[in-house]
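S.K.: One structure, pasted below without further comment.
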Amino acid sequence: MNKEHPSWLGRFWAVVRYEMLWNIRKKMFLGALLFAFVFATLNLALPGYFGLSENPYFVITFSAGNLTFILFAIVTGMHSISGEYEKGTVVPLLTKPVSRTMVFLGKLFAIFLVILVTYTVLFTYTIIGSIIVYGPQNSLYLAPLSLIGDVISTFIWVSVVLAAGAISKNSLIAILTAFGLFIALVLGGGIIGQLSDNPQALNYIPGTGATGTLNIIGGENITIGNISINTLSAVATGTDSIGNNLIKAVLYPNSEVGFYHQNIFNLTAPARLLYTEPIGLIALRSIGVAVLYTAVFLFVAWFAFKRWQILE
Amino acid sequence: MPFWCVAVDLAIETIDLTKQYGSLTAVNKLNLRVECGSIHGFLGPNGAGKSTTIKILVGLLKATQGSAKVLGQEVHVDQADARLSIGYMPELPRFPNHLKGAELLDVYGRMYGMNPQERQTQIPRLIDLVGLKGRENDLIGKYSKGMQQRIGIAQALLNNPQLVILDEPSIGLDPVGMVEVRELVKAISKEGMTVFVSSHLLYEVEQICSHVTIINRGQALVSDTLETVSQMISGPTVMQVEVVNLSGATVAAVKALSPVKEATKSGNMLNVSLSTREDVRAEVSQAITKSGGIIVGMTQKGHSLEDVFIQLINKRQEGSAQ
Ligand SMILES: Nc1ncnc2c1ncn2[C@@H]1O[C@H](COP(=O)(O)OP(=O)(O)OP(=O)(O)O)[C@@H](O)[C@H]1O
Ligand SMILES: [Mg+2]
């Protein structure tokens, strides 16, 4: 049979299909989806339960949350490289006329699509739910920024999972590495944020980042016990809050965020101002940091995958 | 001769191909020449280096030394375009469990750049050909080992390749399946494809191949047409059966079996010479028992690959001694 030379794009798309079918049929994926919806539902209902009646800012301060990021990253990414090796399915795959780079990019794109679609459904659910629970919402048109931010935040962890999987050829190691790193950063970041006079360091590692207060009037106070948080003026600078910070930067382009040191052993003492930063800078910097980490880990994953010898 | 053979007359050519796993040499200076349009059997016992050689040919492994050409092109790891005209069935292939048989072929077909019409005609044809009709919409995870083997053959033929490389295609199949695979290999060869098929069963290779390479410990012992190799492996295979109650009727019954050339009686020993290398012990013992004989011992010589190796190695040594 005399064949035309097949296009790169056609073959790439075949890999995307292959990976998508795999991804959405995983039981773990359905589990993660369930978790995300339970989380979103609790998010919708709990503040109301603590006595908040109206919140027109709910949608634009909503984020799927860092636990969702790591979960979806693990569930979509854990098998895509290392699992092919463990199951032996990599042998027939890599002997098709698709290069390893194409396989890698196709799988990555499939993961992106799956996460994008899932988050879109999740955000739609949140928007509708919040209108029902909290009444009409402000600045709804900004919700996509939050969605994009959450996808970027998730991809840091996707790249970690892929890199660990490609190096170790072992899904369990991939999961444990990503989850271990996540826990270490959450704990470490929390401790540094509380105790250090130098929380800026947290801007450069994935996670929550430093926490500060936006100098604006507005938002809604959530009071639980005797701690009160304003949903709009509370700012976390890390890669987990890219979407929320982007929205704040659009809403209040000239506002500044103040960072304070609070002695946690003496809560009655006044907080000491450490420094201030424009919200726009915070948002852009966290995107830059996220993209950089993602790029580095993806490069490592691709490089390791490219050099695999298929012994099994 | 298929048209592409004009450009390359060797579908596979390796020069001093060597692969080492640490200190173990799995393939040792192998020189392989597979003619275009042939069915080439790659025969060797377990651990001979068959799969390792094949994995180098399809770009899964990197050779330690030497070079390999497939369809006239130098082989390198990760050369996507070169694989457009090669079909490969891995040894004991494993496919994603969550895909249905037809889905697998569809998504692989897309990777070959087949358009929807090509896929629509080719996929049902192949499913039929490998005997999976009616099961194509079941998940591969629910396939038996033999069915996975069959879908493995189907995916190797998907792109109407010029060269089909099958790594032990009949392993794990029932006797009927084994016969079907042999017929299939003959059929695809008639369509003009070159077939390179590995096996550790001598009689299987004898039945389908036009050329044979026999490999042991990574080295080719012999590589020639089937005819020449058959002549080198001297004499018919013989079977000796020790029978209590050995009667003339028993001898006649054994003689009447189709793979039996001659059966003679000496004391309580029945000497049977066979026209096949296939394992026919079951058939012979049934005939003996039915005719009233009681078997107390049975050996078959010239049947196993080991026998052939010993013969070939001895021949070599004789050759070098002279
Ligand atoms: N990943 C590996 N690491 C180390 N040694 C290996 C590896 N794979 C194969 N070998 C060794 O290389 C030699 C050749 O193995 P290979 O799989 O090529 O044999 P084979 O002829 O295909 O055998 P079989 O009939 O059992 O499939 C064997 O001695 C085997 O132990
Ligand atoms: Mg093998």
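The values are calculated or read from the model by the stated rules, or taken from the named source; none is laboratory data. No experiment lies behind these values; they were computed from the predicted model shown. Note: ideal-geometry Cβ built from the backbone for every residue, glycine included; neighbour counts use all protein chains shown. SASA here: full protein model, heavy atoms, side chains in, ligands and nucleic acids out. Shrake-Rupley method; radii C 1.70, N 1.55, O 1.52, S 1.80 Å.
S.K.: Distance between Cα centroids, region B:204-272 to region A:242-274: provide it in whole Å.
M.R.: Measuring centre to centre over Cα atoms gives 89 Å.
S.K.: If the cut-off is 25 Å between C-alpha atoms, which lysines fall inside it for B:LYS261, apart from same-chain ones fewer than 8 positions away?
M.R.: Once the sequence-local lysines are set aside, what remains near B:LYS261 is B:LYS290, B:LYS301.
S.K.: OK, next. For every helix of n ≥ 4 consecutive DSSP H residues, a contribution of -39,500 (n - 2.57) applies; sum these over chain B, divide by its total residues, and give [θ] at 222 nm rounded to the nearest 500 deg cm²/dmol.
M.R.: Details: 10 runs with 111 residues, N = 322.
Mean residue ellipticity at 222 nm (helix-derived): -10500 deg cm²/dmol.
S.K.: Provide the per residue accessible area, probe 1.4 Å, for chain A, rounded to a whole number of square angstrom. Intermediate results must be reported in sequence, preceding the final value.
M.R.: Values: 13820 Å² over 312 residues.
Ligands and nucleic acids excluded, the figure is 44 Å² per residue.
S.K.: Then there's this: Quick one: which residues, 5+ away or cross-chain, put their amide H under 5 Å from the amide H of A:SER63? H built at 1.01 Å from N.
M.R.: none
S.K.: Sort B:VAL244, B:VAL164 by accessible area with a 1.4 Å probe, largest first.
M.R.: Working: B:VAL244 70, B:VAL164 0 Å².
Ranking B:VAL244, B:VAL164 by accessible area, largest first, yields B:VAL244, B:VAL164.
S.K.: Among A:TRP157, B:LEU61, B:LEU270, pick out the residue whose Cα is farthest towards the positive end of the charge dipole of the protein assembly as shown, where Lys and Arg carry +1 and Asp and Glu carry -1 on C-beta, about the Cα centre.
M.R.: B:LEU270
S.K.: Please give the per residue accessible area of chain B, computed with a probe of 1.4 Å over protein heavy atoms only, in Å². Please report the intermediate quantities before stating the final value.
M.R.: Details: 14160 Å² over 322 residues.
Here the residues of chain B average 44 Å² of exposed surface.
S.K.: Further question on the same structure: Averaged over peptide A:304-310, how many Cβ atoms belonging to another chain are found within 10 Å of each residue's Cβ? Working shown, then result.
M.R.: Working: counts 0, 0, 2, 3, 3, 6, 7.
Counting Cβ atoms of other protein chains within 10 Å of each residue's Cβ and averaging gives 3.
S.K.: Right, here's the next one. What is the average number of partner chain Cβ atoms found within 10 Å of a Cβ in B:160-166? Please report the intermediate quantities before stating the final value.
M.R.: Details: counts 2, 1, 1, 0, 0, 1, 0.
Shielding by partners across B:160-166 averages 1.
S.K.: I'd like the accessible area for A:TRP22: 1.4 Å probe, protein heavy atoms, all chains in place, Å² to the nearest 10.
M.R.: Looks like 20 Å² after rounding.
S.K.: Using Cα springs under 10 Å in a Gaussian network model of chain B, which residue among B:ALA156, B:ALA253, B:ALA26 shows the largest mean-square fluctuation?
M.R.: B:ALA253
S.K.: Cα centroids of region B:175-203 and region B:93-112: how far apart, whole angstrom?
M.R.: 22 Å
S.K.: What does region A:8-306 give for Rg and for Dmax, in Å, if only its C-alpha atoms count?
M.R.: Expressed in Å, the Cα Rg and Dmax of region A:8-306 come to 20.4, 68.
S.K.: Hey, any idea what % of chain B's accessible area is carbon plus sulfur with a 1.4 Å probe? Working shown, then result.
M.R.: Working: 7140 of 14160 Å².
Carbon and sulfur: 50 percent of the exposed surface of chain B.
S.K.: For region A:8-306, which whole percent of the accessible surface, found with a 1.4 angstrom probe, sits on carbon and sulfur atoms? Intermediate results must be reported in sequence, preceding the final value.
M.R.: Numbers: 9170 of 12690 Å².
Here it works out to 72 percent.
S.K.: Moving to a separate point now. Average partner chain C-beta neighbours within 10 Å, per residue of B:87-96?
M.R.: Details: counts 2, 4, 3, 6, 1, 2, 4, 8, 6, 12.
Per-residue shielding by partner chains comes out at 5.
S.K.: Long-range amide H contacts for A:HIS261: which residues qualify at under 5 Å (H placed 1.01 Å from N, peptide plane, sequence gap of 5 or more or a different chain)?
M.R.: Those lying under 5 Å, H to H, from A:HIS261 are A:ARG272, A:LEU273, A:LEU274.
S.K.: Residue by residue through region B:211-227, what is 3J(HN,Hα) from phi via Karplus (6.51 cos²θ - 1.76 cosθ + 1.60, θ = phi - 60°)? Round to whole Hz and write x for glycine and proline.
M.R.: Taking θ as phi minus 60°, the curve returns 10, 9, 10, 9, 10, 9, 6, x, 10, 6, 7, 7, 8, 6, 5, 4, 4 Hz for region B:211-227.
S.K.: Ranked by accessible surface with a 1.4 Å probe, highest first, in what order do B:MET239, B:MET178, B:MET232 come? Please list the in-between numbers first.
M.R.: Values: B:MET239 0, B:MET178 30, B:MET232 60 Å².
Heavy-atom accessible area, descending, gives B:MET232, B:MET178, B:MET239.
S.K.: A follow-up question, please. At a threshold of 8 angstrom on Cα-Cα distance, excluding pairs fewer than six apart, so keeping six or more, what relative contact order does region B:3-230 reach in percent?
M.R.: For region B:3-230, the relative contact order is 29 percent.
S.K.: When the convex hull of the C-alpha atoms of the protein assembly as shown is computed, what volume per residue in Å³ does it have?
M.R.: Working: hull volume 138.3 nm³, N = 634.
For the protein assembly as shown, the hull spanned by Cα atoms encloses 218 Å³ per residue.
S.K.: Sticking with this one: As a test of the definition: with a 1.4 Å probe, what buried accessible area, both sides summed, do you compute for A against B, in Å² to the nearest 100? Spell out each step's value before the answer.
M.R.: On the way: alone 15410 and 15750 Å², together 27980 Å².
The summed interface area works out to 3200 Å².
S.K.: Test of understanding: in a Gaussian network model of chain A with alpha carbons linked when under 10 Å, which of A:LEU195, A:LEU44, A:LEU147 would top the mean-square fluctuation ranking?
M.R.: Of A:LEU195, A:LEU44, A:LEU147, the most mobile in the Gaussian network model is A:LEU195.
S.K.: Tell me the mean residue ellipticity at 222 nm calculated for chain A from its helices only (DSSP H runs of n ≥ 4, each -39500 (n - 2.57), averaged over every residue, nearest 500). Before the final figure, lay out each step's value.
M.R.: On the way: 10 runs with 187 residues, N = 312.
Per the formula, -20500 deg cm²/dmol.
S.K.: Next question, about the same structure. Based on Cβ point charges of +1 for Lys and Arg and -1 for Asp and Glu, what charge dipole magnitude is obtained for region B:1-124 about its Cα centre, in debye rounded to the nearest 20? Please report the intermediate quantities before stating the final value.
M.R.: Working: 12 positive and 11 negative charges, 70 e Å.
With Lys and Arg at +1 and Asp and Glu at -1, about 340 debye.
S.K.: OK, next. Taking the Cα centre of region B:237-301 as origin, work out the dipole magnitude from +1 charges on Lys and Arg Cβ and -1 charges on Asp and Glu Cβ, in debye rounded to 20.
M.R.: On the way: 7 positive and 5 negative charges, 19 e Å.
I would put it at about 80 debye.
S.K.: To the nearest 10 degrees, how steeply does helix A:66-77 sit against the main Cα axis of chain A, on a 0 to 90 scale?
M.R.: Rounded to the nearest ten degrees, it is 0.
S.K.: How would B:TYR88, A:TYR252 line up by accessible area, probe 1.4 Å, largest first? Before the final figure, lay out each step's value.
M.R.: Working: B:TYR88 10, A:TYR252 55 Å².
The ordering from most to least exposed comes out as A:TYR252, B:TYR88.
S.K.: Continuing with the same structure: Looking only at A:ASP197, A:ASP150, A:ASP240, which one moves most when chain A is put into a Gaussian network model with springs between Cα atoms under 10 Å?
M.R.: A:ASP197
S.K.: Another question about this same structure. Nothing charged except the Cβ atoms of Lys and Arg (+1) and of Asp and Glu (-1): what's the magnitude of the dipole of the protein assembly as shown about its Cα centre? Round to the nearest 20 debye.
M.R.: Dipole magnitude for the protein assembly as shown comes out near 420 debye.
S.K.: Convert each backbone phi in region B:28-44 into a coupling constant with the Karplus relation 6.51 cos²θ - 1.76 cosθ + 1.60 (shift: θ = phi - 60°), then list the ³J(HN,Hα) values in order as whole Hz, x for Gly and Pro.
M.R.: Listing the rounded values in order: 10, 6, 7, 10, 10, 10, 10, 6, 4, x, 8, 9, 10, x, 10, 10, x Hz.
S.K.: While we're on this one: Using the Kirkwood formula over every pair of different C-alpha atoms, what hydrodynamic radius in Å results for region B:237-301? Display every interim value, and only then the final one.
M.R.: Values: mean 1/r = 0.0895 Å⁻¹.
The Cα-based Kirkwood calculation yields 11.2 Å.
S.K.: Positive end of the dipole of chain A, charges at C-beta (+1 Lys, Arg; -1 Asp, Glu), about the Cα centre: which of A:THR268, A:TYR134, A:GLY88 has its Cα farthest in that direction?
M.R.: A:GLY88
S.K.: Helix A:8-24 against the longest principal axis of chain A: what's the angle in degrees, Cα atoms only, rounded to the nearest 10?
M.R.: 60 degrees
S.K.: Using only the alpha-carbon atoms, how far is helix A:100-134 inclined from the longest principal axis of chain A? Give it as 0 to 90 degrees, nearest 10.
M.R.: 30 degrees
S.K.: What's log10 of I(q)/I(0) for chain B at q = 0.11 Å⁻¹, Debye sum over Cα points only, no solvent?
M.R.: Ignoring solvent entirely, the Cα scatterers give -0.78.
S.K.: Which residue, B:ILE151, A:HIS79, A:PRO199, has the largest displacement toward the positive end of the dipole of the protein assembly as shown when charges sit on each Cβ (Lys, Arg +1; Asp, Glu -1)?
M.R.: Toward the positive end, the furthest listed residue is B:ILE151.
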